[in-house]
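Since the structure comes first, as structure tokens, the remarks are kept for the end.
The values are calculated or read from the model by the stated rules, or taken from the named source; none is laboratory data. What you are looking at is a predicted structure, and each value in this text was computed from that prediction instead of being measured. A quick note on method: Cβ atoms are made from the backbone with ideal geometry, for glycine too, and the neighbour counts reach across all protein chains shown.
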Amino acid sequence: MYKILTIGGEDYKLEYTIEAALYSDCVAKLSKFLTNMGQAENEKDIEKLLDGVSNIPQTALTIFYAGLMEAHGTHADGDGRVPDIQTAKRLLAQYAKEHAEDDIGNFYGILEICIEQMGEDDFFKLVGLDRIIAAGQKKVKKVPKVPQDHLRKVSGQ
């Protein structure tokens, strides 16, 4: 499925399928962002959190562009209205300006819209990120066994 964004009075489809999956910058930046945010949450590592936050504008632009590629890219099935990331940057700026009073009128708000749409489009499953994230969560949940020798009853007393 896709989400319609109205920007400058025109409708644009935001969709995360094959074109977005094949755009390696999208997958790389999204993976790095999710990894940094996940590590910061698990370890309370402020450096990882700051690294993730400092990359929000570029990550938002990259995945915004990737979402526009399916319907508006220059491939055979696209309409060619978003031929490059510079065009996507202008659209993102216009969208942010039009929504300046909303929670979505900033890079983080746009990032949230994109990630939510990725979930609806099963993008994480398409590129295999769901399995990678699940494997990472299993590793985090594995707690090392603590020796229980000190809890044994001493017999013969």
- request: Name every residue in segment 25-48 that is at pLDDT 70 or above and touching an Asp or Glu at 6+ places or on another chain (Cβ under 8 Å), in order of residue number.
  value: ASN36
- line: Residue set LEU68, LEU92, LEU111; condition in contact with a helix residue (DSSP H, G or I) (Cβ under 7 Å, 6 or more places away or on another chain), modelled with pLDDT under 95, assigned to a helix (DSSP H, G or I) and surrounded by 12 or more Cβ atoms within 10 Å (Cβ to Cβ); output residue LEU111
- prompt: Can you pull out the residues in segment 95-108 that are hydrophobic (A, V, I, L, M, F, W, C), part of a loop (DSSP other than H, G, I, E, B) and surrounded by 14 or more Cβ atoms within 10 Å (Cβ to Cβ)?
  reply: ILE104
- prompt: Quick one: would you say THR6 is modelled with pLDDT of 95 or more and in contact with a Lys or Arg (Cβ under 7 Å, 6 or more places away or on another chain)?
  reply: no
- request: Inspect segment 74-84 for any residue being of a type in the set (Lys, Arg) and in a helix (DSSP H, G or I) and give the result as yes or no.
  value: no
